[in-house]
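Okay, so here's the structure we're looking at.
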Amino acid sequence: MLTTTTIDSRQVYNDHRVKMRVDTVQMGDRPILETAVIENANSVVVVPITDDGEVLLVKQWRHAAQAVLLEAPAGHMDPGEAPQDAALRELQEEAGHSAENLAPLPGFWAAPSISTEYMHGFLATGLTTSSLPQDDDEDVELARTAISEIPDLIRNGTITDSKSIAALLSALYLYPESTVPA
């Protein structure tokens, strides 16, 4: 049977964005081991699609990847913030737009073997220009992309960010009527 018992847990790192703990666990009758857990806030990822069939993606430097990545707008939820509210806020901060309609996309664990972060996905339509200031630790550039180009951008490795791939393909598959220009 798949059971795990946490014997001990200790926090080893804490800053304004992330905490890290080390858990001592026993899985069934296997030897006791230590495993690191990154405690991230839950987050949102948004697929904003304009009436003329463009997806509003963002380019931003990702230090851990040591690269500028092409991504769907996304970000952490503030304490007590509803996923829908976080999605609308991130859309304004990163893409400079607000949305009349938000449709749910499947949520998913960002990295379930090491992180507590759960991501809520949304498709945003009925877009209008409306911005909020970017976070101090962000420098993003808007990249308007034809929806028809998305599969090729994923296939050829231009879009390599897992949350963006999951959200974009979900939007294309689950809401095909919303991904066709009006």
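Dividing the mean sequence gap of close Cα pairs (under 8 Å, 6+ apart) by how many residues the chain holds gives a relative contact order of 23 percent.
Across the range 1-51, Cα pairs under 8 Å and at least six residues apart give a relative contact order of 30 percent.
Only one residue of Gly80, Thr35, Phe122 has its Cα farthest out toward the positive end of the dipole of the chain, where Lys and Arg carry +1 and Asp and Glu -1 on Cβ, and that residue is Thr35.
Full extension of the chain between Asn101 and Val22 yields a length gain of 24.3 nm, computed as 0.36 nm times the residue separation minus the alpha carbon distance.
Put simply, the Cα atoms of the chain extend 58, 36, 31 Å along their principal axes, the longest span coming first.
Between the helical axis of 83-95 and the longest alpha-carbon principal axis of the chain there is an angle of about 60 degrees.
Pairs of Cα atoms in the range 19-84 fall into 5 Å distance bins, from 0 up to the last occupied one, in shares of 4, 12, 12, 14, 15, 14, 10, 9, 6, 3, 1, 0 percent. Maximal additional length on extending the Ile7-Asn156 stretch stands at 49.1 nm, based on 0.36 nm per residue less the C-alpha distance. Helix 162-174 and the long axis of the chain differ in direction by around 50°, with both axes built from C-alpha atoms. The range 72-90 and the range 18-41 have Cα centres lying 27 Å from one another.
Any read-out appearing in this document is the output of simple, stated calculations on the displayed coordinates, not a laboratory observation. As the structure is a computational prediction, the values presented were derived from the model and not from experiment. Cβ: placed from backbone, ideal geometry, glycine included. Neighbour counts: every protein chain shown.
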